[in-house]
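What follows is one structure encoded as structure tokens, with my remarks underneath.
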Amino acid sequence: VSTQSTGEFWRGSMAKRKELDVLAHVEKLREGIETASKKPRPTLQELNLECATTQVVNMGDEEVVQAIEREMLRVAVSVMEGHGYGFQVPVSTAANVMYVKELDRIVLKDKVTERTFASLGTVRKTAIMTRVMELIREVCSKGIHVTKRDLFYTDVKLFKKQTESDDVLEEAAAMLGCTRSSLNVVASEKGQVVGRVRFREAGDLIDCTKMGIGGKSIPPHFDKVTDLEGDAKFVLLVEKEAAFMRLSEDRFYNTYPCIVITGKGQPDVATRMFVKKLKEVLKIPVLALVDSDPYGLKIFSVYMQGSKSMAYDNASLTTPDIKWLGIRPSDLDKYKIPEQCRLDMTAKDIETGKSLLQQDFIKDRPEWCKELELMLRTKQKAEIQALSSYGFQYLTKEYLPRKLREGDWI
């Protein structure tokens, strides 16, 4: 029995030493985050930018109700003074957003558009805004949450398409000066998480190491998530659900203590907020695993710099300094990905890649530019699943361990 116990002890010690060797570079990243957290980035107000910008804040239910009532009171006064019924809505076009290097994210400028009931061009949008504000007030007054789909079906004949009510919802948040999550209108569950993290959701304890292969859906009611804790060394952010399932089934997070997350392509608000919360609370690095194509890089950049359509709310949604782990264009030759597993870039792919190279966010990262230029030069792309040409578990047994051991990220 003593000999067996000694053998188990040494096997455990060797496994622990192997883990430490592989994660040595990750630990350096974590230490850097710990140091950086003591020197917070400047706020938008502290930068005193020449161009005026719009900044929103997180509001409670009562504050949102008061903001809506103030806006509708302003509208009523405008009507009584003979100026008509209308709203001043922040413009969310590309011309009214800008990338701020010091914050490493996109922010919204202060340009607004007058949307009046008296104009044939804007009368319907004005009616939709009024109806959406009425519904938000009802939801926040009751202290409940509804989905975007619920909101749409309250007045199908007015909204006609859900995209119209969704778009006005974003405009309402920007106009009221609050984050989107403050409105208590959420998208259906989309993102998934599995691995070394625990939290409470509306008081119930959730242990993400005990959620089976499918993992736990990231709660859309993010204000209900509390007491987040875990012993993970890093977050592995995965673009595709297929790769997430492979990592989950192989229990990758047990061999290399981590939290695996996927937004299943373009991430929703809840997934972006969850990634940001993990890095801020646990103070661990985030590594991204995306397809080697322009769209993988675009999805990756949304987590970091934010989206133009939600530029007003990017402060609460973006996670700075996520590392690009793979699959990078240079990996195709480095890991000898077979030609039959590589895809030719389409004209649209090439156009998107060239457009990315012109973005300030990309220009500020020379190593990213080199990878993107290599992709455009070879005109080849590849999905994460291309690694399966060496075996279905090559991703978890060879590719990722080697990447972690070498600290091969940019």
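The values are calculated or read from the model by the stated rules, or taken from the named source; none is laboratory data. This structure is a prediction, so every number in the text was calculated from the model and none was measured. Neighbour counts run over all protein chains shown; Cβ positions are idealised from the backbone, glycine included. Quick note on the areas: whole protein, heavy atoms, side chains included, nothing else; ligands and nucleic acids left out. Shrake-Rupley method; radii C 1.70, N 1.55, O 1.52, S 1.80 Å.
Things to note:
- Condition check for residue 90: exposed (fewer than 12 other Cβ atoms within 10 Å of the Cβ), closer than 30 Å to residue 304 by Cβ and not small (Gly, Ala, Ser): no
- Subset of region 290-299 that is of a type in the set (D, E, K, R) and either open to solvent by 10 Å² or more (accessible area, probe 1.4 Å) or part of a helix (DSSP H, G or I) (or both) - its residue that is modelled with the highest pLDDT: 293
- Boolean, residue 284 is surrounded by 20 or more Cβ atoms within 10 Å (Cβ to Cβ), assigned to a loop (DSSP other than H, G, I, E, B) and more than 15 Å from the chain's Cα centre (by Cα): yes
- Selection status of residue 57, more than 24 Å from residue 278 (Cβ to Cβ) and surrounded by 11 or more Cβ atoms within 10 Å (Cβ to Cβ): no
- Residue check for residue 271: among the β-branched types (Val, Ile, Thr), open to solvent by 10 Å² or more (accessible area, probe 1.4 Å) and out of contact with any strand residue (DSSP E or B) (no Cβ under 6 Å at 6 or more places or on another chain): no
- Residue pairs whose Cβ atoms lie under 7 Å apart, sitting 6 or more positions apart in sequence or on different chains, and linking a residue in region 196-215 that is under 16 Å from residue 230 (Cα atoms) and at pLDDT 95 or above to a partner that is among the hydrophobic types (A, V, I, L, M, F, W, C) and open to solvent by 30 Å² or more (accessible area, probe 1.4 Å), are 198/205.
- Selection within region 224-251 - under 12 Å from residue 274 (Cβ atoms) and either among the acidic types (Asp, Glu) or in contact with a Leu (Cβ under 8 Å, 6 or more places away or on another chain) (or both): 228, 235, 237
- Taken over region 216-251, the residue count meeting the criterion of being crowded, with 22+ Cβ neighbours inside 10 Å, within 20 Å of residue 269 (Cα to Cα) and of a type outside the set (Val, Ile, Thr) is 5.
- Test: residue in region 137-154 that is at pLDDT 95 or above, over 30 Å from residue 301 (Cα atoms) and open to solvent by less than 50 Å² (accessible area, probe 1.4 Å): yes
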